[in-house]
Amino acid sequence: MVTLSIKPGQRFTLLDWHTNSLLISAGAERQRSASHQVRQEARALRNKANNQTKWGEHDNQTRLAERISSVNRWKETLDKCLADIDAEIDALAKVKEAAECALQAKNLHLDVSIECLTLRDSRRAIDVVRDPVEEELRKEVKVIDKAKRELQQRVNEAFEQICLLQEARQQLSCDHRCKTEALEIDRMCLSLNVNSPNISFKVNPTRVPDGSTALDEWEQNSQDNKERAEAEMKASAELRGATVLAIAQTNNELEAQRVATEFAMRKRIRDLERAYDELKWQEQNTLEEIAELEEDIRRLEEDLRGKTQDLKVAHTRLETRMYRPYLELCRDQVQYGLTDEVHQLEGTIHVLKLKLAESQDVLDALYSQLHRIRTDIGYKASSLVLDNKCMDSRRNLLVPAEKFVPEIDTFNRTTNHALSLLKNGQLELA
């Protein structure tokens, strides 16, 4: 007889066996379902995180590019402003030097007048008389003293204005240097990516540094610097004009008026040239708009013809289906669809016709505007010819024209003018 070596374990029923299998299967299903849900949530989270990261980086790249563009625009504005203020400082310095030369020339003229009065004091007896010559000499001394005071005032004002211009230039230069450095930093930041070698974690990178400014404050600072420089340049230009006018008035009032007239005439010619160029630009743009509008009208007409043909097809289909026999003549989906298509096409054709009529009206208005532009261009061209003839005629005035032809329009013209007047005064004294 065979016997078991060990005691058999607990015996389960067949129902327990089946129940255990069902429980295991149900648990596996639940775990797989939970795993599937976690996997889906993880994928959604990954997609969301990747999208947020991608768009966040893209948005910041765009913001950096826009910021670089904004700072670069201000840098270019400051470049131009610095060039203008340097030219203005140089021009004002030349005018100041011309005023000092004119003042020195008045000293010589004054010495000659006083010497004449002193010599006339050496007359004897009855010849010591207050005659018209003495009266004119004393009047000349008074005129020269007045001219010297005015010229000395202009020299002092020019010196003060040069100091103000240099101060404004220093602020512009500082702002320009800061913007150049900021551009380099932002361009370096724009070039960074995940493969850059110098990226790392930083300590508290989101802190707000001391001395940070708001965007409006940054913008206003540059605007204030620019406006101050422009105001100082405007004041300098006005002072240059007043100084040149003072020099001219002490030597030749007529020449001063000639310079003022030619200055206004040159300004008028520049305004006419700008207006002429603007009209030519408007003419070109109008012609381009007319060409585009005519092309759009042609396309509208083509679309209108196409929609008309489509409507014909829909009408024909509807009419042909009217002849279906007996019960086949039913309002099926095709019938409803064709009816809707007809209504839709009729509405589309109506809208296209309205837009075509509106485009034709706009085209007529463009042609009328083009006619007005071309008429005004003719007027401006005629005015430019007349004003240039006037400028050529004014070259034949008392002073040779080549002495007043500026090498650098406004700046050198005032200097040449002042120096030529001083030369004339020295010749008169000689």
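The values are calculated or read from the model by the stated rules, or taken from the named source; none is laboratory data. Here the structure is a predicted model, which is why all the values come from computation and not from measurement. All Cβ positions, even for glycine, are placed from backbone atoms using ideal geometry, and neighbour counts span all protein chains on display. Ligands, DNA and RNA are excluded from the accessible area calculation, which covers all protein heavy atoms including side chains. Shrake-Rupley method; radii C 1.70, N 1.55, O 1.52, S 1.80 Å.
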Checklist entry - Which ³J(HN,Hα) values in Hz, rounded to whole numbers, follow from the phi angles of the stretch 17-33 under the Karplus curve 6.51 cos²θ - 1.76 cosθ + 1.60, where θ = phi - 60° and Gly and Pro get x? => result 5, 5, 4, 4, 5, 5, 5, 4, 5, 5, x, 4, 4, 4, 5, 5, 5
Item to check | Values of log10 I(q)/I(0), in the order q = 0.14, 0.17, 0.18, 0.20 Å⁻¹, for the stretch 142-238 under a Debye, Cα-only, solvent-free model | outcome: -0.77, -0.93, -0.98, -1.08
Checklist outcome for this item: Links exceeding 22 Å between C-alpha atoms in this model, out of Lys312/Lys353; Lys96/Lys146; Lys96/Lys179; Lys75/Lys96; Lys179/Lys226; Lys94/Lys142, come to Lys96/Lys179; Lys75/Lys96; Lys94/Lys142
Checklist entry - Among Ile185, Ile373, what's the order by accessible area (1.4 angstrom probe), most exposed first? => result Ile185, Ile373
Next on the checklist: Keeping all protein chains in the complex and leaving out DNA, RNA and ligands, what accessible area do you get for Arg317 with a 1.4 Å probe, in Å² to the nearest 10?
Outcome noted: 130
Checklist entry - Which number comes out as Rg/Rh for the stretch 52-103 once both Rg and the Kirkwood Rh are worked out on C-alpha atoms? => result 1.54
Item to check | Virtual spin-label span in nm between Leu190 and Leu293, 7 Å along Cα→Cβ | outcome: 3.9
